Amino acid sequence: MLRGNRELWLAFVFGILITGIYIAVVFFTREIPAASELFGHSIGIFGFILMLMTETLYSLRKRSRSASWGRMSTWLQFHIFTGLVGPYMVLLHSSWKFNGLAGVTTLFTIVIVISGFIGRYIYTRIPRTLDGLEIEGTLSEAALRQARRLMSLWHTIHIPIGMALFISAFVHVGAALYYATFLK
Ligand code: HEM
Ligand code: HEM
């Protein structure tokens with residue numbers, strides 16, 4: 001079970017810190033950091049690594065039968081933390097221009113974060129142990145069945161959005177590195 005909102009608060013604090021650094025860079029360079037220059041590029045790469053971790057680590061832990069490292073609730077908290085901080089860094093990387101495929105990738109990123117919040121809401125409706133297993137709880141049988149159905153419907157939407165996001169992100173990264181970095 002996810003208890004409290006600790007991961008949301010932590011992500012918020014990190015968001016404020018990153019915003020502070022971003023504002024300092026704008027202040028000293030007197031311009032919006034370009035996506036292809038040192039600062040803008042670095043936050044794009046670092047944010048993308050966090051997003052890749054979000055996409056893979058929780059699923060790996062969830063599907064590993066032998067794994068005993070770390071509680072599922074902690075992994076989900078980490079998933080949510082990196083799933084918020086990564087997209088935020090990538091948003092700052094965009095230099096507030098959203099043309100073409102890079103713009104589409106940003107849109108997918110925003111959609112998956114919103115979808116994540118919806119999933120978190122449904123997930124926390126179902127009573128669970130700290131390892132994420134469903135348990136008898138306060139929900140009536142009918143309400144539990146409905147929450148389970150919603151959760152599986154949500155998975156069938158959320159997972160393809162994630163895949164579309166990473167396909168367009170990889171094409172963007174390949175094209176950006178080729179045209180904006182190596183050909184320079
Ligand atoms: C999901 C992750 C990412 C998103 C959503 C994203 C989004 C964007 C956006 C919106 C732009 C501005 C496009 C424009 O000028 O209209 C941009 C530019 C750029 N991105 Fe990304 N980006 C991501 C990851 C990365 C990564 C990991 C790299 C590098 C390895 C990268 C390299 C670049 C470069 C070099 C540019 C500048 C292109 C140019 O000046 O023409 N991006 N990105
Ligand atoms: C880069 C952003 C994100 C990506 C790529 C992503 C990707 C995924 C994937 C692939 C799964 C399926 C895990 C599985 O069942 O194997 C998942 C589940 C989930 N995600 Fe995210 N997610 C992101 C952000 C978020 C955010 C911001 C939240 C919450 C605010 C969130 C909450 C959840 C929840 C509650 C689940 C369901 C856990 C379960 O059923 O076991 N995600 N996410």
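Quick look at the numbers
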{"quantity": "Structure-based [θ]222 nm, the chain - -39500 (n - 2.57) summed over DSSP H runs of at least 4, per residue, nearest 500", "calculated": "-26000 deg cm²/dmol"}
{"quantity": "Using a Förster distance of 35 Å, the FRET efficiency for A24-R65 (Cβ separation, nearest 0.05)", "calculated": "0.15"}
{"quantity": "Full-extension gain in nm, V111 to M151, via 0.36 nm per residue minus C-alpha separation", "calculated": "12.7 nm"}
{"quantity": "Descending Cα extents along the principal axes, segment 6-182, whole Å", "calculated": "58, 31, 30"}
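Readers should treat all values here as calculations from the given coordinates under stated rules, not as data from a laboratory. Since the structure is predicted, the reported quantities are computational estimates derived from the model, not experimental observations. Cβ atoms come from the backbone with ideal geometry, glycine included; neighbour counts cover every protein chain shown.
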